[in-house]
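Report on the structure given below.
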Amino acid sequence: MITGTQLFTQLHDYPRLKVVGSFEELVMTPMRDGINALCWPRMLPGDFGEIVEKLEVGKGITSIDAERLLALELSDAGRVAREILLQDQELLRAHDLLPSLDCINGYENEIESDLLRTDVQSWHVDSATVEADTYLCTYFGAASEGLRNEEAIRRVDVPELRAELLELYDGEEGAGFIEFLNESYLDLHYKPLPHALPFSFGLGHLWRIATLYPESPVPPCIHRAPATLPGQPPRLLLIS
């Protein structure tokens with residue numbers, strides 16, 4: 001697990017990240033001066049793995065509500081973890097956010113070709129029509145990952161991929177093609193540059209990352225869900 005100190009050391013050369021010391025600081029700190037990711041590092045007590053085991057989810061993504069959490073028979077460590085899950089959601093709801101706790105046991109949709117990938121395991125940014133940020137925390141399993149904006153290029157801006165997309169669109173560069181890329185979400189996905197060094201969001205840390213919306217003062221944060229590996233345990237993820 002990445003501790004707060006380790007996280008800061010890992011990302012000390014990343015000027016777009018700001019480490020904060022509390023939930024209030026996380027929600028109140030403005031995104032400006034190029035900063036597009038805020039992290040509240042935490043070493044959480046409790047056994048989140050027990051909760052995942054007791055949930056017994058099937059394949060795919062299962063949303064877990066409070067009623068289902070409270071119905072679990074848990075050890076003392078499991079009950080500590082459950083209380084944290086409930087408290088984190090209450091903190092977010094108190095700021096008019098809509099958190100969802102998901103247990104992710106793989107993805108049922110097939111990963112598309114590199115040209116047309118729009119799945120969450122592809123490097124991407126979130127988008128909104130109004131000012132909004134994304135909050136997320138991985139409690140158990142493989143953690144979400146981030147990528148520095150300077151170490152990535154939009155996949156639609158890679159010359160050979162753009163040429164293939166134009167051929168697929170069967171048209172020319174122009175407003176129609178831009179609309180096609182936008183409506184299919186292809187313009188939200190990125191390709192790492194050869195020197196890119198992705199970083200982990202770690203376990204237990206609560207993040208707030210910038211989305212793409214009109215007149216945003218900072219670039220959106222590039223991130224992805226971790227790749228699904230055989231035998232990997234389900235993930236427990238809070239997202240809002």
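The values are calculated or read from the model by the stated rules, or taken from the named source; none is laboratory data. Quick caveat, the model's predicted, so the values are computed rather than measured. Here the Cβ positions follow ideal geometry from the backbone for every residue, glycine too, while neighbour counts run over all protein chains shown.
Take the residues in the stretch 185-219 that are out of contact with any Ser or Thr (no Cβ under 7 Å at 6 or more places or on another chain) and among the small types (Gly, Ala, Ser); name whichever of them is nearest to residue 91 (Cα to Cα). The residue in question is 204.
Of all the listed residues (57, 52), the sole one being within 15 Å of residue 138 (Cα to Cα) and not small (Gly, Ala, Ser) is 52.
Out of 62, 9, which single residue is in contact with a strand residue (DSSP E or B) (Cβ under 6 Å, 6 or more places away or on another chain), at pLDDT below 95 and over 15 Å from residue 134 (Cα atoms)? Quick ask: steps written out before the conclusion?
Numbers: 9 fails: in contact with a strand residue (DSSP E or B) (Cβ under 6 Å, 6 or more places away or on another chain).
Result: 62 is the single residue among 62, 9 that is in contact with a strand residue (DSSP E or B) (Cβ under 6 Å, 6 or more places away or on another chain), at pLDDT below 95 and over 15 Å from residue 134 (Cα atoms).
Summed over the stretch 149-174, residues that are in contact (Cβ under 8 Å) with a residue 24 or more places away in the chain, within 19 Å of the chain's Cα centre (by Cα) and in a helix (DSSP H, G or I) total 3.
Matching residues to (1) surrounded by 14 or more Cβ atoms within 10 Å (Cβ to Cβ); (2) acidic (Asp, Glu); (3) part of a helix (DSSP H, G or I); (4) without any contact (Cβ under 8 Å) to a residue 12 or more places away in the chain:
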{"residue": "51", "(1), (2), (3), (4)": "yes, no, yes, no"}
{"residue": "58", "(1), (2), (3), (4)": "no, no, no, no"}
{"residue": "73", "(1), (2), (3), (4)": "no, yes, no, no"}
{"residue": "91", "(1), (2), (3), (4)": "yes, no, yes, no"}
{"residue": "104", "(1), (2), (3), (4)": "yes, no, no, no"}
{"residue": "113", "(1), (2), (3), (4)": "no, no, no, yes"}
{"residue": "130", "(1), (2), (3), (4)": "no, no, no, no"}
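Evaluate the stretch 17-34: report whether one residue or more is more than 24 Å from residue 217 (Cα to Cα), polar (S, T, N, Q) and either outside any loop (DSSP other than H, G, I, E, B) or modelled with pLDDT of 95 or more (or both).
The first filter runs over the stretch 17-34 and keeps only residues more than 24 Å from residue 217 (Cα to Cα), leaving none.
No; the residues of the stretch 17-34 include none that is more than 24 Å from residue 217 (Cα to Cα), polar (S, T, N, Q) and either outside any loop (DSSP other than H, G, I, E, B) or modelled with pLDDT of 95 or more (or both).
For residue 218, indicate whether it is surrounded by 19 or more Cβ atoms within 10 Å (Cβ to Cβ), aliphatic (A, V, I, L, M) and either touching a strand residue (DSSP E or B) at 6+ places or on another chain (Cβ under 9 Å) or part of a loop (DSSP other than H, G, I, E, B) (or both). So residue 218 fails the test. Checking each residue in the stretch 144-198 for being at positive phi and at pLDDT 90 or above picks out only 185. Condition (residue is under 26 Å from residue 34 (Cβ atoms), in contact with a Ser or Thr (Cβ under 9 Å, 6 or more places away or on another chain), surrounded by 16 or more Cβ atoms within 10 Å (Cβ to Cβ) and of a type outside the set (Phe, Trp, Tyr)) applied to the stretch 177-184: is it met by at least one residue? Among the residues of the stretch 177-184, not one is under 26 Å from residue 34 (Cβ atoms), in contact with a Ser or Thr (Cβ under 9 Å, 6 or more places away or on another chain), surrounded by 16 or more Cβ atoms within 10 Å (Cβ to Cβ) and of a type outside the set (Phe, Trp, Tyr), which makes the answer no. Of the residues making up the stretch 175-209, those that are part of a loop (DSSP other than H, G, I, E, B) and hydrophobic (A, V, I, L, M, F, W, C) are 193, 196, 197, 201.
Could you please give the count of residues in the stretch 40-49 that are surrounded by 17 or more Cβ atoms within 10 Å (Cβ to Cβ), in a loop (DSSP other than H, G, I, E, B) and not aliphatic (A, V, I, L, M)?
Of the stretch 40-49, the ones surrounded by 17 or more Cβ atoms within 10 Å (Cβ to Cβ) are 40-42, 44, 46-49.
Okay, now just the ones that are also in a loop (DSSP other than H, G, I, E, B), so 41-42, 44, 46-47.
Right, trim to not aliphatic (A, V, I, L, M) and you get 41-42, 46-47.
Total meeting the criteria: 4.
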